[in-house]
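Worksheet for the structure shown next.
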DNA sequence: CAAATTTTTGACCGTTTGGACAAACGTTAG
DNA sequence: CTAACGTTTGTCCAAACGGTCAAAAATTTG
């Protein structure tokens, strides 16, 4: 998918590719795929367009590389949910991690949201395969926890959806959240407030 | 903002403008603003590009008209929340209405989500003004309900955010929801399942 | 050092896109 | 019927865009 189709990558290639991916994340997350231009990404990366195209085959290749990496990090928190752990603690940790990701990696969250909004043209197979399997597995764990009375009974799949929706909301809809909370309540503390609220909502 | 700057609009103008807006909603909600072309919209509306531009000044004008209308409908359910009503019933009705909108008007939801994701360049003033005022008012009502013990105590602003996030999730992330639920659980019943789950979550 | 290889760039190309325009077509009122 | 007005279209344009290419510049290697 990338230009240096040869064997190993040089130091410069590794560095420049990282630089490009960082710049592309910034640009893509702000304007979406179609709304972003190679020139914008090149400028953000501090290089010329042909130079950028020396490291990546094209716009699509950059985007795909970006989203592939993203998915790994995206699923990690759910993967860490442990059937052997204490249910309340496990759920609380999961919510915390997801809120921290919304706070620390909002660009990644928006990139992902954008892809899903457009119908997930590039990652649909992954959603129907790997993601579905993972969610089904964890839903089973949650269902068992609920049966044991450790969590309030509810549909485990929708339970997971609700955690996704509420936590990612603080990254994807950040502008709206800040606009509504205003300058005082909308400061940096909003993520801590959100985390506390969500723990109460899902565990109270 | 629109071509016929003259006084009143003819019957044909009203009809054709509606046709264009319907087509534009379809196209914009699928590809976003930058990802959509006037030609696509014109074709979806069954007319030529110059003809479409006879009714609207440009691509931007179509989009703005669309989003202006949208905001009205979008805020309506929250506006209907009545301080004099029964808290449980009012919240339940609000959730129901929002889920119904996600089910019946997913294109509108995605259009809105797209605009917010891009930083709300066209509606930021509205978010900071009208929306914030409305939310503050309703948050006050909810806070009072909580003080009376009619609802579980929590931050009312984040409470509203959570309802927005969870309900709109079923429109904006529909592809993902269906992929994860699979063919059986992901059928038409998913909205009813979601509604029941959310009532339990927010009112249980 | 010089040769080989990698990296960078300016110039260029074909396509797509938003939009303009005048001419043609249709409709309606006097 | 015809003049005025509203509607539709074919044609055209300039800018933006994704991408190519050959040659120059820099770096690595022998």
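Rule-based calculations on the coordinates, nothing more; no lab input. This is a predicted model, so every value here is computed, not measured. Positions of Cβ are backbone-derived with ideal geometry, glycine not excepted, and every protein chain shown enters the neighbour counts.
If r is the Cβ-Cβ distance from residue A:97 to residue B:57 and R0 is 41 Å, what FRET efficiency results, to the nearest 0.05? For residue A:97 and residue B:57, the calculated efficiency is 0.30.
Quickly estimate the mean residue ellipticity at 222 nm for the protein assembly as shown, helices only: each DSSP H run with n ≥ 4 gives -39500 (n - 2.57), and the total goes over all residues, rounded to 500.
Working: 20 runs with 298 residues, N = 408.
Value at 222 nm, helices only, nearest 500: -24000 deg cm²/dmol.
The Cα atoms of region A:51-165 define a convex hull whose projected area, averaged across directions, is 8.1 nm².
Against chain B, whose longest principal axis comes from its Cα atoms, helix B:156-172 is set at around 50 degrees. Listing A:132, B:150 from fewest to most neighbouring C-beta atoms within 10 Å gives B:150, A:132. Give me the angle, in degrees from 0 to 90, between the Cα long axis of helix B:11-35 and the longest principal axis of the Cα atoms of chain B, rounded to the nearest 10. The angle comes out near 70 degrees.
Take the Cα pairs of chain A, get the Kirkwood Rh, then feed it into Stokes-Einstein at 10 °C and 1.306 mPa s and tell me D in µm²/s.
Values: Rh = 18.9 Å.
Value of D from the Cα-based Kirkwood radius: 84 µm²/s.
Could you work out Rg/(2.2 N^0.38 Å) for region A:7-79, with Rg from alpha carbons only? Kindly include the intermediate steps, with their values, before the conclusion.
Numbers: Rg = 12.8 Å, N = 73, 2.2 N^0.38 = 11.2 Å.
Here the Cα radius of gyration is 1.14 times the empirical estimate.
Summary for residue A:137: label point 7 Å along Cα→Cβ; distances to the equivalent points in the other copies, ascending, 5.0 nm. Label zone of residue A:13 (point 7 Å out along Cα→Cβ, amide N under 17 Å): in region A:59-73 this covers A:61-62, A:65. Suppose a student asked you for the relative contact order of chain B, using Cα pairs under 8 Å spaced at least 6 residues apart; what percent would you report? The normalised contact order for chain B reaches 22 percent. With springs only between Cα atoms under 10 Å apart, run a GNM on chain A and tell me which of A:162, A:73, A:84 wobbles the most. Largest GNM mean-square fluctuation: A:84. Starting from 0 in steps of 10 Å, tell me what percent of the Cα-Cα pairs of the protein assembly as shown lands in each bin. Calculated P(r), rounded to whole percents: 4, 20, 29, 25, 15, 5, 1, 0.
Between copies, residue B:88 shows label-point distances of 2.5 nm, shortest first, with the point placed 7 angstrom from Cα along Cα to C-beta. Within the listed set A:154, A:45, A:61, the residue fluctuating most in the Gaussian network model of chain A (springs between alpha-carbon atoms under 10 angstrom) is A:154. Each copy carries a label point for residue A:49 at 7 Å from Cα along the beta-carbon vector; from one copy to the others these points are 2.0 nm apart, nearest first.
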